[in-house]
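Novice: Quick one: this structure, given as structure tokens, is what I'll be asking you about.
Derivation of every value follows stated rules applied to the coordinates shown; laboratory data play no part. Small disclaimer: the values here were computed from a predicted structure and weren't measured. Backbone-built Cβ (ideal geometry, glycine too); neighbour counts: all protein chains shown.
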Amino acid sequence: MSGLTDEVDLLVTGGEVVRPGSAGHEVERLDVAVVDGRITGLLAPGDPRPGVVRRELSALGCLVVPGFVNAHSHSYGMLGRTQADLLPLEPWMVYANAITANRTEREVALAATLSCVELVRSGTTTVLDHLGGQVSGLGAAAQAYLDFGMRAVVAPMIGDVPLHHTVELTGAQWPSALWEELEAAPVPSAGALLDATKDLLGSWHGREGRIRVFVGPSGPQRCTDDLLRGCAELAADFDTGVHMHLIETRNQAATVRRLYGTTAVEHLDRLGLVNERFMGAHGVWCSESELRLLGERGAALVHNPWSNLYVGSGIAPLTAWRRHGVRIAIGTDGANCGCDLSMPLAMRLAASLHRAHAFDPAQWPTPGEIFTAATAGSAAALGWADEIGTVEEGKAADLAVIDASGTAYVPRYDPLAQLVYGETGGNVRHTVIAGQVVMQDRVIASVDERDLLREAQEAATALRQRNDGLFRAADAQAEVLSRASATAPVPADWPGAG
Ligand SMILES: [Zn+2]
């Protein structure tokens with residue numbers, strides 16, 4: 001291979017590189033040369049070596065793959081595992097709000113750093129963090145990603161319609177005192193939310209080439225038209241993306257149709273949001289017509305199969321997504337609903353789950369398709385495909401080096417399929433982001449994990465005490481909200497799971 005320079009900052013040696021070829025992925029013994037954070041050469045065994053190698057990283061016995069790109073996550077979930085279990089999404093959300101509220105900037109940063117640890121340990125080099133909490137304090141998360149060495153898109157999650165107005169329950173179905181209490185709670189204005197998002201964009205978008213900011217409306221039914229229009233304008237002004245939860249549950253599909261007299265995607269399209277900048281998370285209950293429009297507009301959906309199971313949302317119609325040409329990314333969702341942030345485990349489930357409903361095996365996604373969705377597909381959804389998602393000369397050196405000497409890979413037949421079906425993340429040996437070795441031999445460079453975990457335990461205890469009133473209030477709301485989740489119908493024109 002060409003691209004040799006005399007001096008390289010990093011040479012990843014002895015591994016087998018997985019990269020796109022003319023007939024699927026190719027696995028080839030290549031050394032990866034890196035200068036200034038970019039891949040400058042892929043060197044075959046007989047090629048000349050660079051004269052000066054500032055750092056060598058052994059990948060002997062390993063697969064070298066593009067770092068995974070987690071296209072939907074919430075770092076706040078790192079401080080809230082199991083704080084809402086055995087509940088569907090609508091009641092689950094009131095507990096999620098209770099763990100997100102009243103956090104200090106240090107706690108915001110701590111949650112982001114904890115997510116980095118879990119991400120790089122399982123080979124993820126880029127994350128989209130749909131950030132919860134007060135927008136004004138969320139720069140702390142961006143700073144934490146920068147300090148850790150992560151590549152991240154942060155999208156402050158904003159909404160100006162309260163949760164109790166986004167479910168299929170009338171006021172009469174709530175205990176009157178609780179309804180009055182919810183009605184009296186302050187709701188942020190669209191203008192204030194847009195101003196805060198604009199400040200974050202101005203301060204952080206594009207920082208050091210590793211941090212980007214997306215506009216992050218929480219979901220169509222959680223935002224007024226004014227807020228959604230403002231989001232479309234901000235995304236255009238800053239030439240950035242829009243990230244939003246989209247028709248995750250049957251309740252949401254019903255609410256949107258009642259509120260707008262049309263589907264969510266049609267409503268968003270009228271407000272100027274559905275285009276190649278748009279990425280919706282979940283899309284479990286999107287109708288055929290919504291998927292058709294998403295495909296026509298070049299928009300992306302993020303598949304989060306663990307979260308969809310954990311909160312009982314359902315099984316996304318992946319076969320229909322593919323049929324309509326919707327661009328597909330993969331995410332884990334937050335650790336408090338997606339179980340963990342392992343992209344290899346998300347790939348395994350995405351590759352297997354749809355076989356239960358798509359009875360024609362010709363419709364089943366292949367391991368290569370799922371691997372592509374978790375790397376280049378997610379990168380494209382983030383508008384970052386020119387730099388990340390594949391191991392190629394000229395791209396950023398974002399790599400996961402995976403030890404392939406164990407039982408998941410031996411005996412060896414098809415290493416890529418063995419990775420998709422058998423990898424947990426536990427075999428990831430090194431992780432490289434923008435040419436920096438953020439984890440070597442499973443030791444993370446930028447933080448002391450023991451100190452970090454000790455602080456996380458203390459912070460979680462303090463947060464739980466601080467928000468005790470919110471947790472107690474959540475119990476009463478959850479009981480009512482569970483009814484909305486249980487009774488919402490399957491939307492018309494839904495293509496079916498599989
Ligand atoms: Zn989410």
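Novice: With +1 on the Cβ of every Lys and Arg and -1 on the Cβ of every Asp and Glu, and nothing else charged, how large is the dipole of the range 12-84 about its Cα centre, in debye rounded to the nearest 20?
Specialist: 260
Novice: Further question: I need the shape label for the range 176-249. Rule: rounded when a/c is under 1.5, else prolate if a/b > b/c, else oblate, with a, b, c from the alpha carbon gyration tensor.
Specialist: It is prolate, given that a/c is not under 1.5 and a/b is the larger ratio.
Novice: While we're on this one: Once both labels are modelled 7 Å past Cα along the beta-carbon direction, what's the Leu60-Glu455 spacing in nm?
Specialist: 3.7
Novice: Which value results when the Cα radius of gyration for the range 142-210 is divided by 2.2 N^0.38 Å?
Specialist: For the range 142-210, the normalised Cα radius of gyration is 1.64.
Novice: Sort 358-367, 215-224 by packing, meaning the average of other beta carbons within 10 Å per residue, with the highest value first.
Specialist: 215-224, 358-367
Novice: How many nm separate the modelled label positions at Ser482 and Asp239, each set 7 Å beyond the Cα in the direction of the Cβ?
Specialist: About 5.1 nm separates the two model spin labels.
Novice: Same structure, new question: Going by amide H atoms built from the backbone, whose H comes under 5 Å of the H on Leu57, apart from near neighbours?
Specialist: Hits under the 5 Å cutoff: Leu11, Val12, Thr13.
Novice: Then there's this: Cα-based Rg (one decimal) and Dmax (whole number) for the range 317-371, in Å?
Specialist: When restricted to Cα atoms, the range 317-371 yields Rg and Dmax of 11.8, 34 Å.
Novice: Further question on the same structure: Going by alpha carbons, how many degrees (0 to 90, nearest 10) lie between the helix axis of 343-353 and the longest principal axis of the chain?
Specialist: 70
Novice: With no solvent and one point on each alpha carbon, what is the Debye value of log10 I(q)/I(0) for the range 381-453 at q = 0.17 Å⁻¹?
Specialist: -0.82
Novice: For Glu26, enumerate residues with amide H under 5 Å from its amide H, sequence gap 5+ or separate chain, H modeled in the peptide plane.
Specialist: Arg19, Gly21
Novice: Karplus couplings for the range 443-451 from phi (6.51 cos²θ - 1.76 cosθ + 1.60, θ = phi - 60°), rounded to Hz, Gly and Pro as x?
Specialist: Per residue, the Karplus-derived 3J(HN,Hα) values read 9, 7, 6, 8, 9, 8, 4, 5, 4 Hz.
Novice: Please turn the phi angles of the range 154-165 into ³J(HN,Hα) values with the Karplus equation 6.51 cos²θ - 1.76 cosθ + 1.60 (θ = phi - 60°), one per residue in order, whole Hz, x for glycine and proline.
Specialist: Using θ = phi - 60°, the values come out as 9, 10, x, 7, 10, x, 10, 10, x, 3, 5, 8 Hz.
Novice: Same structure again: Kindly write out, for the range 208-216 in residue order, the coupling ³J(HN,Hα) from the Karplus curve 6.51 cos²θ - 1.76 cosθ + 1.60 (θ = phi - 60°), rounded to whole Hz, with x marking Gly and Pro.
Specialist: Those phi angles translate into 6, x, 10, 10, 10, 10, 9, 7, x Hz.
Novice: Here's something else I'd like to know. Under a crude label model (7 Å from the Cα following the beta-carbon direction), how far is Asp85 from Ser352 in nanometres?
Specialist: Modelled inter-label distance: 2.1 nm.
Novice: Taking amide H positions as placed 1.01 Å from N in the peptide plane, with prolines and chain starts having none, which residues 5 or more places from Val35, or on another chain, fall under 5 Å of its amide H?
Specialist: Amide H neighbours of Val35, under 5 Å, 5+ apart: Asp9, Thr40.
Novice: Considering the alpha-carbon set of the chain alone, what are its Rg and its Dmax in angstrom?
Specialist: For the chain, the Cα-based Rg and Dmax read 22.3, 78 Å.
Novice: Further question: Taking the Cβ-Cβ separation of Phe471 and Arg38 as r and a Förster radius of 41 Å, what is the calculated FRET efficiency to the nearest 0.05?
Specialist: That gives a FRET efficiency of 0.30.
Novice: Still on this structure, I have one more. Quick one: if the Förster radius is 41 Å, what FRET efficiency do Ser176 and Asp226 give, using the C-beta to C-beta distance and rounding to 0.05?
Specialist: Given R0 = 41 Å and the Cβ-Cβ separation, E is 0.85.
Novice: Shifting gears a bit: Kirkwood Rh over Cα pairs of the range 235-284 into Stokes-Einstein at 25 °C, 0.890 mPa s: D in µm²/s?
Specialist: 214
Novice: Another question, then. Please compute one quarter of the surface area of the Cα convex hull for the range 1-149 and express it in square nanometres.
Specialist: 12.2
Novice: Can you tell me the orientation of helix 250-260 relative to the chain, as the angle in degrees between its alpha-carbon axis and the longest Cα principal axis, to the nearest 10?
Specialist: Result, in degrees: 60.
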